[in-house]
Amino acid sequence: MIPATFDYHSPQTLEDALALLQGHPDDAKVLSGGQSLLPLLKLRLGAAGHLIDIGRIPGLEYVKEEGGVLKIGGRTRESALEHSDLIQTKYPLLAQTAAVIADPLVRNLATVGGNLAHGDPANDHPATMLALRAEVVATGPNGTRTIPIDQFFLGLFSTALAPDEILTEIRIPVPPARSGGSYVKLERKVGDFATAASAVQLTLGAGGEVASVGIGLTNAGPTPLRAADAEQYLTGKQPSADVIAEAARRASAIATPSADRRGAIEYKRQMARVLTGRALKQAIEWAKEH
Amino acid sequence: MEPRTSAAICGMGHSMKRKEDPRFIRGQGHYVDDIKLPGMLHMDIVRSPYAHAKILAIHTEKALAIPGVLAVITGETLKGFNLHWMPTLMSDTQMVLPVEKVMYQAQEVAAVIATDRYIAADGVEAVEVEYEPLPVVVDPKKALEPGAPVLRTDKAGKTDNHIWHWETGDRAATERAFAEADVTVKQDMYIPRIHVASIETCGCVADFNKTDTHLTVYMTTQAPHAIRTVFALVAGHVGLSEEKIRVISPDLGGGFGGKVPVYPGYVIAVAASVVIGKPIKWVEDRMENLQADSFARDYHMTAELAAKKDGTMTALRIKTLADHGYADAAANPSKFPAGLFSICTGSYDIKTAFTEMDAAYTNKPPGGVAYRCSFRVTEAVHAIERVTDVLAAELKMDPAELRFKNFIQADKFPYKSALGWEYDSGNYKAALEKAMERIGYAELRREQAEKRAKGELMGIGICSFTEIVGAGPSKDFDILGIKMFDSAEIRIHPTGKAIARFGTKSQGQGHETTYAQIVAEELGIPAAHIQVEEGDTDTAPYGLGTYASRSTPTAGAAAAVAARKIRDKAKKIAAYLLEVSEDDLEWEPGKFSVKGAPQKSKTIQELAFAAYTNHPPGMEAGLEAVDYYDPPNLTFPFGSYICVVDIDRGTGEVKVRRFLAIDDCGNIINPMIVDGQIHGGLSMGLAPALFEEISYDESGNISGGSFMDYLVPTAMETPNWETGKTVTPCPHHPLGAKGVGESATVGAPPAIVNAVVDALSHLGVRHIEIPMTPEKVWNILREKGVAE
């Protein structure tokens, strides 16, 4: 478990980091928390001639609300998200997601931006950000651009980030009153990728009906999946047990997981259904209480 | 039992804090990988991607071209020294490095020696090997079918993959008993291949000095003396001679049986050091450790019980098939190819029994080691405790009631079992009664009935196991012909402090503390004043090492006997100093005094000083003793465990709500350490029950070969263990103690399986194979129509 040789760069500014990326167009990787990248290198499943460590660049770690938007700095550590009062009191979906990513040691280093930019559908934040209808801010040589989350994940380990761009911020609309969220993950043990997991963010209307809802599925296909059919079905309906069950069924119908030691395809699909049902119930409970 | 000694002396029964812990807790332990010698080189190993393939060519040019790569060692290199094959402990052979073909995925193919660990890894990447894949045999049952590819083509005249057949008990009487029985049950079970996964992987630093031709090997081994002898026997022809070999086993980060075997990496490192004349370090990475080191279990079993209508068991019959991989590299005593599996009649008075075992070669790593279990006892206990529950279900009896009906009664000890063992002592009824009372068994059964009515799944599982540990008596037990005694050497210094050395080797068991407490118990010298050393063959007395819960039964007994020899000499000195006859003296921990005149006394410290300054005329100076202890019998610890589980009908997850372990290991030396042993053992029993498994696809590709998929449970998956004890002293051990390190590993899995099966028994479920993963349980829930 010893990586092949690489050059390590530690730029002090974003501009320097971007210049280094441009200087090594085919052979550089951005090192953020390193919790996905370094294992790949150590196992020699991946190689990079140049690692550009953004760890010393100031101003990339923050969690704050501004102008109706929750802004999360790209290099914000998972542990910071997990222990943020703002997140715990107002963003249960984010808090619950951060709490089940890997283990506490990993969360002390792993970053929210890295979790997304790695493009792994088995990571937990991608589905969460789909449910939250987030936007991703990418910074490149020509400045910044904003990418809607639905256009961000292109395929397995492939995202809309250009090779010379760095993910610098995640933006999430501040939820209105009577909103709730939940992330329910089935894992074989702490630290494992999800066998299946479901992220739900919803807002209840004045009459208790589902006014809006986002549902994302983890590890259910080559990219994180938005359960659009289930979202449409739920919108405007009273969330009775039968309605929740049908929504969960519709969510699981889009899952195209692959079989591995976590389970067969059918088991994983059924788990997407069971977990979506549980996440919906918990999100509704939260929304009613807040 | 109240301690006999004061807290200052800290003999048996005191929960003395472990003397070794300050260095471990502070990260100041000294492990093999901490050793750095001047001029030391590093070794890394090229491994096979194929499970069975012919080696056509090994190209080393690119590797040798890397600056810092000094040598690439292949099977051909070793063949020049006739070191390409080596014997296993079970009279089989295994490759050090292959010349013709590889036999399992991750097998060693070549070794790169470099000036730096990183360069060695680059060298491994650069070695190119051409293979021609051969047909792969993964399933041991298929391996024994006619026409299966013969794997061990190296063995002249070998025409199949069968290794050995072994049987014990009375076949004819067992068949009769089954024919006459009111009820019979039969259950197939498979105990999958698992791995000890100790925190520290295996490795060594081999240091051959060309000037004086001494070889020092710092090595992760549980049995340093036996290893020294093996090196002398295997490599005598290249000039290694036992008096010039020193094996040092420094601090070990867990062993659990996985550090008993001699792995090819050790031998290659030694050979490389002998040839190059420099120290060579080799330390496995985690995946090498999981993929190539000896596995455990991998046992296919069919267990049958015959009984009367009232539940009285009349006969037991078990057939097993062991998958040994491509070589039988188990570490059993020589006369026991299937280990001590014949303890399988368990805690029950079964008059008639018969077992037959076979072993097969497959394209998998060789093994199997006794993973925290005294040689196949885990498998035996799983078989009897599971099939007992199957019988209870068949008879519609409560599993506790069936156990009480069949327990060997306390007044029947020593008890001769149908398969030939003489159980030393036991009180099985007391242990199960205590467990049931403490956990509230009757109340749990009521709760279960209520939950079932609501469609909720809850189960209660019992395991009342009997272990067999402490190998062993020399008439039956040897490894490579060396009898399985163990040893202690105690020297008392003039100031009354002591050093005690042993032939065993702690891997975390706490020997530095427990052995000191034994000596303190016998001599009254404070345990804090007794330095315990193990693991250096130049200084420690010869012994066969630590595994199979044998340290307390053998070396611990040796410590007591050696200390008593010292006490006898101290008594003579006391009589001389006090001018009385020895018969006029009485002993209390720490001093001899004159009967009727307690003010006339000599402390052990005073007597130690006198042994060097004022010893009786005609007596040798000094105060020391050695004992090589040959145990008269094995010890038979036992216990009753009760597990309560809830099953998630949506996901199939099993949640262990409560787990209570009542253990009996005879007299206890350090209650805190015993409790720690039980906690660790229970966690290692939970692991295979719910999580761990190494499996192979049809091409022999390993799955579960990294910690991504080999699921060692963490604190998050581990329930709160509840423990308790009964004390039934061992009648033949000098301290009345039995081994305990493995009881919980052995006892926990069937308790958990019995609980899960119990939760589903009303649906007709009689057995579930381990590991009981969420998916496996969910599939049963769905089949039975109760999945959410």
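Quick note: the coordinates plus some simple rules give every number you see, no bench work behind them. Source: prediction; values computed, not measured. As a convention, Cβ positions derive from the backbone with ideal geometry for all residues, glycine included, and neighbour counts pool all protein chains shown.
Annotation: amide H of B:Thr314 within the under-5 Å range of B:Ala306, B:Ala307, B:Lys308, sequence separation 5 or more or interchain, hydrogens built in the peptide plane.
Evaluated at q = 0.05, 0.06, 0.07, 0.08 Å⁻¹, the base-10 log of the normalised Debye intensity for the protein assembly as shown, with identical point scatterers placed on the Cα atoms, takes the values -0.38, -0.54, -0.73, -0.94. Taken one residue at a time, the phi angles of the range B:80-92 give Karplus couplings (6.51, -1.76, 1.60, θ = phi - 60°) of x, 10, 6, 10, 7, 10, 9, x, 9, 5, 9, 6, 9 Hz. Gly and Pro are set to x. Cα centroid separation, the range B:754-788 to the range B:189-256: 44 Å. Remark: spin-label model distance B:Glu2-B:Ser474 equals 4.1 nm, labels positioned 7 Å along the Cα→Cβ axis. Could you tally the net charge around B:Glu132, taking each other residue with its Cβ under 10 Å from the Cβ of B:Glu132, Lys/Arg +1 and Asp/Glu -1? Summing Lys/Arg as +1 and Asp/Glu as -1 gives +1. Taking GluC sites (Glu not before Pro) across the range B:75-143, the ones in a DSSP loop with at most 12 further Cβ atoms lying within 10 angstrom of their Cβ are B:Glu100. Distances between placed amide hydrogens fall under 5 Å for B:Tyr348 paired with B:Ile408, all partners being 5 or more residues away or on another chain. 3J(HN,Hα) couplings calculated from phi for the range A:178-194 with the Karplus curve 6.51 cos²θ - 1.76 cosθ + 1.60 (θ = phi - 60°) are, in sequence order, 6, 10, x, x, 7, 10, 10, 10, 9, 9, 6, 7, 4, x, 7, 5, 5 Hz; Gly and Pro show x. For the set B:Lys54/B:Lys776; B:Lys396/B:Lys429; B:Lys475/B:Lys497; B:Lys505/B:Lys572; B:Lys308/B:Lys429, the pairs lying more than 31 angstrom apart at their alpha carbons are B:Lys54/B:Lys776; B:Lys475/B:Lys497; B:Lys505/B:Lys572.
Between A:Arg249 and B:Phe707, what FRET efficiency follows from the Cβ-Cβ distance if R0 is 25 Å, with the result rounded to 0.05?
E between A:Arg249 and B:Phe707, to the nearest 0.05, is 0.10.
May I ask for log10 I(q)/I(0) of the range A:63-173 at q = 0.12 Å⁻¹, from a Debye sum over the Cα atoms as equal point scatterers with solvent left out? Values, matching the q order: -0.37.
Distance between the pseudo-spin-label points of A:Tyr8 and A:Glu66 (7 Å out from Cα toward the beta carbon): 3.2 nm. Here the spin labels are modelled as points 7 Å beyond Cα on the Cα-Cβ line, and at B:Lys186 and A:Thr235 they lie 6.2 nm apart. Working note: Cα gyration tensor of the range A:182-289, eigenvalues times five, square-rooted, sorted largest first, giving semi-axes of 25, 14, 10 Å.
With only the Cα atoms considered, chain B has a convex hull volume of 176 Å³ per residue. Applying 1/(1 + (r/R0)^6) with r as the Cβ-Cβ distance of A:Glu285 and B:Ala173 and R0 = 60 angstrom yields a FRET efficiency of 0.40. For the range B:176-328, the alpha carbon positions stretch 76, 30, 27 Å along the principal axes, listed from largest to smallest. Dipole magnitude for the protein assembly as shown: about 1380 debye, using +1 per Lys or Arg Cβ and -1 per Asp or Glu Cβ, origin at the Cα centre.
Annotation note: trypsin sites (Lys or Arg not before Pro) in the range B:172-229 located in DSSP loop regions with a Cβ neighbour count of at most 13 within 10 Å are B:Lys210.
Extension gain for B:Ser699-B:Tyr612 works out to 24.4 nm (0.36 nm per residue, less the C-alpha to C-alpha distance). Which of B:Val740, B:Leu321, B:Met219 sits closest to the plus end of the dipole of chain B, meaning its Cα is farthest towards the positive end, when Lys and Arg get +1 and Asp and Glu get -1 on the C-beta? Working it through, the farthest residue towards the positive pole turns out to be B:Val740.
Computed from backbone phi with θ = phi - 60° and the Karplus coefficients 6.51, -1.76 and 1.60, the 3J(HN,Hα) list for the range A:168-176 is 10, 7, 10, 10, 10, x, 5, x, x Hz; x is used for glycine and proline.
For the pair the range B:550-582 / the range B:147-164, the C-alpha centres are spaced 56 Å from each other. Could you work out which residue, out of A:Ala131, A:Ala177, A:Ala247, moves most in a Gaussian network model of chain A, that is, has the largest mean-square fluctuation with Cα springs under 10 Å? Judging by the Gaussian network model, the answer is A:Ala177. Restricting the trypsin sites (Lys or Arg not before Pro) of the range B:540-571 to loop positions (DSSP other than H, G, I, E, B) with no more than 12 neighbouring Cβ atoms within 10 Å leaves nothing.
Give me B:Thr466, A:Thr195 ranked fewest to most by other Cβ atoms within 10 Å of their Cβ, as a rough exposure proxy. Ranked by crowding around the Cβ, least crowded first: A:Thr195, B:Thr466.
The magnitude of the dipole of chain B, with charges of +1 and -1 set on the Cβ of Lys/Arg and Asp/Glu and taken from the Cα centre, is near 1100 debye. The distance from the alpha carbon centre of the range B:304-337 to that of the range A:127-167 is 60 Å, rounded to a whole number.
This model, with +1 at the C-beta of Lys and Arg and -1 at the C-beta of Asp and Glu, gives the range A:63-173 a dipole about its Cα centre of some 160 debye.
For chain A, the longest principal axis of the Cα atoms and the long axis of helix A:241-253 meet at an angle of about 40 degrees.
Just going by the charge dipole of chain B, with Lys and Arg at +1 and Asp and Glu at -1 on Cβ, which of B:Tyr299, B:Ser581, B:Ile280 is farthest out on the positive end? The Cα lying farthest towards the positive end belongs to B:Ser581.
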